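This report concerns only the one structure given below.
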Amino acid sequence: MNIPKEIMKFCSKCNKNTKQKISIYKAGKRRGSAIGERRHNEDKKGYGGQKFPKLAKPAKTTKKITPVLTCMVCKKKTSKFGIRIRKFELN
């Protein structure tokens, strides 16, 4: 799917339609010291097997892509709902 790099969209901070730059959300680096990560490792270790079942065959064939809109005037970022796309292209 081809999507333009810039679109005109309403900015809630500027309170008017402004040019917005589109980028794709990328998850940050996972921290091993985070409490959720530590809890997950604690549940996995020892006897009792895997905390969550390991999927042999994933049900979905596509990943969800979350577009992030950045206002060119005030630099406020807003994210749209994730959409399932096989191929995502910014042009």
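Remarks
- The range 27-43 residues that are within 27 Å of residue 79 (Cα to Cα), paired with ones that are open to solvent by less than 60 Å² (accessible area, probe 1.4 Å) (beta carbon under 7 Å, 6 or more apart): 30/37; 31/37
- Boolean, residue 15 is surrounded by 10 or more Cβ atoms within 10 Å (Cβ to Cβ), free of Cβ contacts under 8 Å to residues at least 40 places away in the same chain and among the polar types (S, T, N, Q): no
- Being of a type in the set (A, V, I, L, M, F, W, C) and at pLDDT 90 or above is a description that applies to residue 34.
- Among residues of the range 39-91, those that are surrounded by fewer than 11 Cβ atoms within 10 Å (Cβ to Cβ) and among the aliphatic types (A, V, I, L, M), counted: 3
- Every residue from the range 20-67 that is aromatic (Phe, Trp, Tyr) and closer than 30 Å to residue 90 by Cα: 25
The values are calculated or read from the model by the stated rules, or taken from the named source; none is laboratory data. It should be emphasised that the depicted structure is a prediction, and the values quoted were computed from it without experimental measurement. Using ideal geometry, Cβ is built from the backbone for each residue, glycine included, and neighbour counts are taken over all protein chains shown. With ligands, DNA and RNA removed, areas are computed over all heavy atoms of the protein, side chains included. Shrake-Rupley method; radii C 1.70, N 1.55, O 1.52, S 1.80 Å.
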